[in-house]
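The values are calculated or read from the model by the stated rules, or taken from the named source; none is laboratory data. Quick caveat, the model's predicted, so the values are computed rather than measured. As a convention, Cβ positions derive from the backbone with ideal geometry for all residues, glycine included, and neighbour counts pool all protein chains shown. Just the protein is used for accessible areas: all its heavy atoms, side chains included, with ligands, DNA and RNA removed. Shrake-Rupley method; radii C 1.70, N 1.55, O 1.52, S 1.80 Å.
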Amino acid sequence: MATSAARAAERGAAGSGEIPAETQLRIYETMVLARRLSERLLQLQRAGIVPLAVPCDGHEAIQVGSALAMPRERTIVYPYYRSLAAVLAYGMTPLDLVLGFYAKRDDPSTGGHQMPGHYSRRDLNIVTTSSVVGTQLVHAAGAAYAAKVRKSGQVAITYIGEGGTSEGDFHEALNFAAIHKLPVLFVVENNQYAISVPLTKQMAVANVADRAAAYGMPGVIVDGNDAEACYLATRDAVARALAGDGPTLLEAKTYRLAPHTSDDDDRGYRPLEEIAMWRRERDPVPRFAATLEARGLLDEAGTAAIAARVRAAIDDATARAEASPDPDPADIHIPVFSTPEVPGRTQ
Amino acid sequence: MPAKTIVEAVHDGLREEMARDERVILLGEDVGFKGGVFKVSVGLMDEFGPERVVDTPLAESGIVGTAIGAAINGLLPVAEIQFADFIHPAMDQIMNEAAKIRYRSNGDFGCPIVIRAPFGGGIHGALYHSQSVEALFAHIPGLKVVIPSNPYDAKGLLKAAIRDPDPVMFFEHKRTYRLFRQEIPDEDYTVPIGPLRIAREGDDLTVIAYGLMLHYALEAAETVAKEGISVEIVDLRTLVPLDKETILGSVKKTGKALVVHEDTRTGGFGGEIAAIIAEEAFEFLDGPVRRLTGPDVPAMPFSKALEHEFMPNPERIAQAMRDLAAY
């Protein structure tokens, strides 16, 4: 049986190794970009300019840490609705994302079809997902199966919250992936609340990762607010996947510092002091900044330069998205099928 | 040309496509070692190996979902759902994922999968081995829905479905699997998805059917022909995209239409056909558009007497033809 102690030991093993200084700084800057963009989108929603915001605040360490540990050219990504920071790390631009929140024609994720937060870009192998949580895990397993059959050397990674692990598709995906030893990482961002439902009403076990043993795969727990630990745990899981040793269930313990979406008021179901404590003591962004400062990789001038670059990128993205065209209403009928001349319906 | 049953024709279609294109894989329950509970895929695991013919866990959502993911990453999966009655756990993956991937990604991603499932009753299958589920899927934009009624079409339509860049639901009536043999070519051919087939020409009324009901309708047409009623029979073959021009052409010629399906009545595909005829051929009609269908009960019962009561049959179809002809 995997005890907590054994798991802690495994976590220690997963956290071994070093990260190049350049990568550490890139992780940090991407985390800052994600946080500021997430905040900007919420401001735009509060100002009545965009209809919805889906914050990632608090999840930056696991999202960016895992993304930048993946072998980029060989990675197939199945994100979830909170993956704002992850998809930035995988190569989407602030403009790509802001276009989606404005639901503009040139939104690369969906062309204004899908609700914002459903990130997709084919050229980056970031694959379209729906709003029904859990479905993306099965797709990731299937994509990894294709990688195995085609001997393509690819690895799939997919993200979900702990609430989504209650879905049947979670079970079906992990079971299939383990049977075939597929190159896929299942990353669970356990922020302890599925909108308002706390962990204790979601599962009777303390850790999502405890379930991994039942499927026959490693279940690794990582401090989801420690960017470095997230990076290293992901890198280890990738090595296993590419060595043919199969999938990993990686559980990142974290906390959502913002409401579920702009439509949610989290003050009703979480103690204010709990939110304040996480913000004050465990926020992954200042925490990683402190680490980099202690290592001499970041100083006041460096921090200011990053803040200025991020601000400029977000201002530019917002202005350009604002000015770009809406979808043409005449295009509502496409693309249903591959060939528009086969509408498949009586119109 | 060899004479084949539908089950053999489906097997041959799968085998030829797997040999033609190494991206084609099969997955489903019992499809590998056993060759499928209806023996559709017998021998294929031996020929193409266990990576391309996958005995999956007993998990329909997983079967369809992994097929979707494999399709996104370069394969052409053919997923088998052992009985159409078991497809509902995969409903979300089919209607919310496969059907919507192209639309929601604004055309960046497609979903080239085929989902095969035996459907229909008359085989003592009871509530969960007899269902007709085609209307559920015909309602979902983004899915193509194909139902062959003979071996030639079964092979040709299946090959077209596998080569189609969109998700195709491919339903095979299990009572027709070994009902009769038909000579079909050995060489490669496809039957395009979309156009229907006029199975019998006639002048007095048009009957629209598919699957097993097509054969019952042909039998009934033979019976009433002796009474001087000339019936045109349309084998729909493809529900989506629907060849409505040919349906309307036939109805405009005969002036009367009867839709026959085994599926239950309310919300069945017959209602859609009746609506199209009413909207677009109203002034050509000499009588009401009628439906002969299974009754609105949850599903087909097991008892022989109850099953018989559920199923439309040649006698009932013949009577419906006489009634409409006399209108």
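Which residue pairs have Cβ atoms closer than 7 Å, lie 6 or more positions apart in sequence or on different chains, and pair a first residue in the range A:137-151 that is more than 7 Å from every other protein chain (Cβ to nearest Cβ) with a second residue that is among the hydroxyl-bearing types (Ser, Thr, Tyr) and buried (at least 24 other Cβ atoms within 10 Å of the Cβ)?
Note: pairs meeting the criteria are A:137/A:158.
Given the structure, is residue B:117 over 19 Å from residue A:337 (Cβ atoms), in contact with an Asp or Glu (Cβ under 9 Å, 6 or more places away or on another chain) and either polar (S, T, N, Q) or in contact (Cβ under 8 Å) with a residue 12 or more places away in the chain (or both)?
yes
Of the residues that sit in the range B:65-119 and are among the charged types (D, E, K, R) and either more than 21 Å from residue B:34 (Cβ to Cβ) or part of a helix (DSSP H, G or I) (or both), which one is farthest from the other protein chains (Cβ to nearest Cβ)?
B:85
Test residue B:197 against the criterion of being of a type in the set (Lys, Arg), within 20 Å of residue B:9 (Cβ to Cβ) and buried (at least 22 other Cβ atoms within 10 Å of the Cβ), and give yes or no.
No; evaluated as a whole, the condition is false for this residue.
With (1) open to solvent by less than 60 Å² (accessible area, probe 1.4 Å); (2) free of Cβ contacts under 8 Å to residues at least 12 places away in the same chain; (3) of a type in the set (Lys, Arg) as the list, and residue B:226 as the residue in question, which single condition is left unmet?
Checking residue B:226 against (1) open to solvent by less than 60 Å² (accessible area, probe 1.4 Å); (2) free of Cβ contacts under 8 Å to residues at least 12 places away in the same chain; (3) of a type in the set (Lys, Arg), the one that fails is (1).
Please find, within the range A:133-157, the residue that is farthest from residue B:62 (Cα to Cα) out of those that are of a type in the set (Ser, Thr, Tyr) and in a helix (DSSP H, G or I).
My answer is A:145.
Could you check residue A:188 against (1) of a type in the set (A, V, I, L, M); (2) open to solvent by less than 10 Å² (accessible area, probe 1.4 Å); (3) within 19 Å of residue B:59 (Cα to Cα) and say which number it fails?
Evaluating residue A:188 over (1) of a type in the set (A, V, I, L, M); (2) open to solvent by less than 10 Å² (accessible area, probe 1.4 Å); (3) within 19 Å of residue B:59 (Cα to Cα) leaves (3) as the failure.
Identify the residue in the range B:44-64 that is without any contact (Cβ under 8 Å) to a residue 24 or more places away in the chain and more than 12 Å from chain A (Cβ to nearest Cβ) and, among all such residues, is surrounded by the most Cβ atoms within 10 Å (Cβ to Cβ).
In this case the residue turns out to be B:45.
Got a sec? Which of B:51, B:17, B:22 is assigned by TED's automatic domain parsing to the domain that holds residue B:154, out of contact with any Gly (no Cβ under 9 Å at 6 or more places or on another chain) and not in a loop (DSSP other than H, G, I, E, B)?
Being assigned by TED's automatic domain parsing to the domain that holds residue B:154, out of contact with any Gly (no Cβ under 9 Å at 6 or more places or on another chain) and not in a loop (DSSP other than H, G, I, E, B) holds for just one of B:51, B:17, B:22, which is B:17.
Scan the range A:33-49 residue by residue and report those that are of a type in the set (A, V, I, L, M) and crowded, with 23+ Cβ neighbours inside 10 Å.
Within the range A:33-49, A:33, A:34, A:37, A:41 meet the criteria.
What about residue A:164, is it out of contact with any Asp or Glu (no Cβ under 6 Å at 6 or more places or on another chain), part of a helix (DSSP H, G or I), more than 10 Å from chain B (Cβ to nearest Cβ) and touching a residue at least 60 places away in the same chain (Cβ under 8 Å)?
It is true that residue A:164 is out of contact with any Asp or Glu (no Cβ under 6 Å at 6 or more places or on another chain), part of a helix (DSSP H, G or I), more than 10 Å from chain B (Cβ to nearest Cβ) and touching a residue at least 60 places away in the same chain (Cβ under 8 Å).
Quick one: how many residues across the range A:281-309 are under 25 Å from the mean Cα position of the chain (by Cα) and assigned to a loop (DSSP other than H, G, I, E, B)?
Final tally of qualifying residues: 1.
Out of A:240, A:235, A:309, which single residue is of a type in the set (Lys, Arg) and farther than 21 Å from residue A:62 by Cα?
Checking each option against the conditions leaves just A:309.
Checking the condition crowded, with 19+ Cβ neighbours inside 10 Å and more than 26 Å from residue B:145 (Cα to Cα), which residue from B:320, B:281 passes?
One residue alone meets the criteria, B:320.
Please enumerate the residues belonging to the range A:50-98 that are open to solvent by less than 10 Å² (accessible area, probe 1.4 Å), among the polar types (S, T, N, Q) and farther than 19 Å from residue A:220 by Cβ.
Once the filter is applied, which keeps residues that are open to solvent by less than 10 Å² (accessible area, probe 1.4 Å), among the polar types (S, T, N, Q) and farther than 19 Å from residue A:220 by Cβ, the range A:50-98 yields only A:83.
Failed condition for residue A:277, given (1) open to solvent by 60 Å² or more (accessible area, probe 1.4 Å); (2) free of Cβ contacts under 8 Å to residues at least 12 places away in the same chain, with all others met?
Evaluating residue A:277 over (1) open to solvent by 60 Å² or more (accessible area, probe 1.4 Å); (2) free of Cβ contacts under 8 Å to residues at least 12 places away in the same chain leaves (1) as the failure.
Which of the following residues is among the hydrophobic types (A, V, I, L, M, F, W, C), open to solvent by less than 10 Å² (accessible area, probe 1.4 Å) and farther than 29 Å from residue A:327 by Cα: A:206, A:156, A:178?
Answer to the selection: A:156.
So, in the range A:320-331, of the ones that are of a type outside the set (Asp, Glu) and more than 10 Å from chain B (Cβ to nearest Cβ), which residue ends up surrounded by the most Cβ atoms within 10 Å (Cβ to Cβ)?
The qualifying residue surrounded by the most Cβ atoms within 10 Å (Cβ to Cβ) is A:321.
For residue A:303, state whether it is open to solvent by 10 Å² or more (accessible area, probe 1.4 Å), touching an Asp or Glu at 6+ places or on another chain (Cβ under 9 Å), farther than 20 Å from residue A:81 by Cβ and not hydrophobic (A, V, I, L, M, F, W, C).
Yes.
Among B:243, B:188, which is open to solvent by 10 Å² or more (accessible area, probe 1.4 Å) and more than 16 Å from the chain's Cα centre (by Cα)?
From the options B:243, B:188, the qualifying one is B:188.
Cβ contacts < 7 Å: first residue among the β-branched types (Val, Ile, Thr), restricted to the range B:146-159; second residue part of a helix (DSSP H, G or I), any location; separation 6+ or different chain. Result?
Qualifying pairs under 7 Å: B:146/B:157; B:146/B:161; B:147/B:134.
Just to be sure I understand, how many residues within the range B:290-317 are open to solvent by 40 Å² or more (accessible area, probe 1.4 Å) and in contact with a strand residue (DSSP E or B) (Cβ under 9 Å, 6 or more places away or on another chain)?
Qualifying residue count for the region: 7.
Results for (1) over 21 Å from residue A:254 (Cα atoms); (2) without any contact (Cβ under 8 Å) to a residue 60 or more places away in the chain, shown as yes or no for each residue.
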site: A:29; (1), (2): no, no
site: A:36; (1), (2): no, no
site: A:39; (1), (2): no, yes
site: A:42; (1), (2): no, no
site: A:45; (1), (2): yes, no
site: A:48; (1), (2): yes, yes
site: A:53; (1), (2): no, no
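Can you tell me which residue in the range B:120-140 is most open to solvent (accessible area, probe 1.4 Å), limited to those that are outside any helix (DSSP H, G or I) and on the phi > 0 side of the Ramachandran plot?
B:124
Here is a check on your reading of the model: is residue B:166 away from every other protein chain (no Cβ under 14 Å) and either open to solvent by less than 10 Å² (accessible area, probe 1.4 Å) or at pLDDT below 95 (or both)?
In short, no.
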